[in-house]
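In what follows, a single structure is set out as structure tokens and then discussed.
The values are calculated or read from the model by the stated rules, or taken from the named source; none is laboratory data. In this text, all values refer to a predicted model and were calculated from it rather than measured experimentally. Backbone-built Cβ (ideal geometry, glycine too); neighbour counts: all protein chains shown. Keep in mind that these areas ignore ligands, DNA and RNA; they rest on the heavy atoms of the full protein, side chains included. Shrake-Rupley method; radii C 1.70, N 1.55, O 1.52, S 1.80 Å.
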Amino acid sequence: MALEFHCADVGVACKNVATAATADELIAAVAEHAKAKHSVDLNQTLIDYAVTKVRTTGG
Ligand SMILES: [Zn+2]
């Protein structure tokens, strides 16, 4: 089982998909990507919103 976060799921015109085994790792990956590619610093509000968009994949 893995967690996925798709930038497109939050309305961003970006095909990036972040994947991780745990929510903490996923948020870290998303935060790094958001900063690097979108010049966005994730605050708690954005993190809370992003968490609602996380997909669970695999078995
Ligand atoms: Zn992105």
Residue selected from region 1-27 under the condition small (Gly, Ala, Ser) and in a helix (DSSP H, G or I), by the criterion nearest to the ligand (Cβ to nearest atom): Ala8
Test result for Ala50, without any contact (Cβ under 8 Å) to a residue 12 or more places away in the chain, within 15 Å of the ligand (Cβ to nearest atom) and small (Gly, Ala, Ser): no
Matching residues, region 37-46, being open to solvent by 60 Å² or more (accessible area, probe 1.4 Å) and aliphatic (A, V, I, L, M): Leu46
Residue tally, condition surrounded by 16 or more Cβ atoms within 10 Å (Cβ to Cβ) and over 14 Å from Glu4 (Cβ atoms), over region 47-59: 0
Filtered residues of region 1-43 (kept if of a type in the set (D, E, K, R) and over 21 Å from Thr57 (Cα atoms)): Glu32, Lys35, Lys37, Asp41
Flag for Ala34 being crowded, with 16+ Cβ neighbours inside 10 Å and either part of a loop (DSSP other than H, G, I, E, B) or free of Cβ contacts under 8 Å to residues at least 24 places away in the same chain (or both): yes
Region 28-47, residues that are more than 11 Å from the ligand (Cβ to nearest atom) and touching a helix residue (DSSP H, G or I) at 6+ places or on another chain (Cβ under 9 Å): Ala31, Asp41, Leu42, Leu46, Ile47
